[in-house]
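*Asks:* Got a structure for you, questions after.
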Amino acid sequence: MVSVRRKLVFDADIEPLFDYLVAPPNIAQYVGPVRRIRGFSDGEIGEGTEVTVEASFLGIHFHQHTRCTVFARPHTFACESVGGRFHFVAGFTLSPARRGTLLEGWGDAEAPGLFHFAEPILGRLIGHQVSRDLEELRRRFRR
């Protein structure tokens, strides 16, 4: 199992940051491996919403069906895989910080039979990718 935990303060208000983070078109802009999200209409996202994520990581291109499991605007969002090569749960919580909004993000993933012996290396690569993505997002998203 690969687990990633990150905390980062954004120079942003909670509500617009939450809305930006959960909008499917934006996810492909700030999550490095995500190329496109299909199956989402212009309606509201919420618990139970399902989409298919097209992603590419380490030269592997894949489609991952996902479901929103927690949607508590403007503080908490979580999702999980419901099919595909990788099993994961991931999400974030936003809370007020001294200078903006604290994002606490987390994710647990595994790829049974695919990366068994390489999980420690894979964990570091994923952790670096998440850190880069969050830093770039913080630079791009400001009040």
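The values are calculated or read from the model by the stated rules, or taken from the named source; none is laboratory data. This structure is a prediction, so every number in the text was calculated from the model and none was measured. Because the Cβ atoms are built from the backbone with ideal geometry, glycine has one as well, and the counts that use them run over all protein chains shown.
*Asks:* What is the residue count in the stretch 37-52 for residues that are surrounded by 14 or more Cβ atoms within 10 Å (Cβ to Cβ) and of a type outside the set (A, V, I, L, M)?
*Replies:* Within the stretch 37-52, residues that are surrounded by 14 or more Cβ atoms within 10 Å (Cβ to Cβ) and of a type outside the set (A, V, I, L, M) number 3.
*Asks:* Kindly evaluate Ser131 against the criterion of being modelled with pLDDT of 85 or more, touching a Lys or Arg at 6+ places or on another chain (Cβ under 8 Å) and loosely packed, with under 14 Cβ neighbours inside 10 Å.
*Replies:* Answer is yes for this residue.
*Asks:* Turning to a different aspect of this structure: What is the residue count in the stretch 1-55 for residues that are within 23 Å of His128 (Cα to Cα) and in a strand (DSSP E or B)?
*Replies:* The number of residues fulfilling the criteria is 16.
*Asks:* Return the residue satisfying two criteria in turn: it lies in the stretch 17-42 and is touching a residue at least 12 places away in the same chain (Cβ under 8 Å) and hydroxyl-bearing (Ser, Thr, Tyr), and of such residues it is nearest to His75 (Cα to Cα).
*Replies:* In this case the residue turns out to be Tyr20.
*Asks:* Can you tell me which residue in the stretch 71-92 is nearest to the chain's Cα centre (by Cα), limited to those that are hydrophobic (A, V, I, L, M, F, W, C) and farther than 22 Å from Gly127 by Cβ?
*Replies:* Filtering first and then ranking leaves Phe71.
*Asks:* Also, I was wondering about something else. Here are the criteria: (1) in a strand (DSSP E or B); (2) at pLDDT below 90; (3) more than 16 Å from the chain's Cα centre (by Cα). Tell me which single one Ser95 does not satisfy.
*Replies:* Single failed check for Ser95: (2).
*Asks:* Consider the stretch 55-102. How many of its residues are of a type in the set (D, E, K, R), surrounded by 15 or more Cβ atoms within 10 Å (Cβ to Cβ) and out of contact with any Phe, Trp or Tyr (no Cβ under 8 Å at 6 or more places or on another chain)?
*Replies:* 1
*Asks:* If you don't mind, there's one more thing I want to ask. With respect to the numbered conditions (1) at pLDDT below 90; (2) in contact with a strand residue (DSSP E or B) (Cβ under 6 Å, 6 or more places away or on another chain); (3) farther than 28 Å from Arg142 by Cβ, which one is the sole condition not fulfilled by Leu58?
*Replies:* Failing condition for Leu58: (2).
*Asks:* Could you check Gly100 against (1) at pLDDT 80 or above; (2) under 19 Å from Val2 (Cβ atoms); (3) of a type outside the set (Ser, Thr, Tyr) and say which number it fails?
*Replies:* The one condition Gly100 does not meet is (2).
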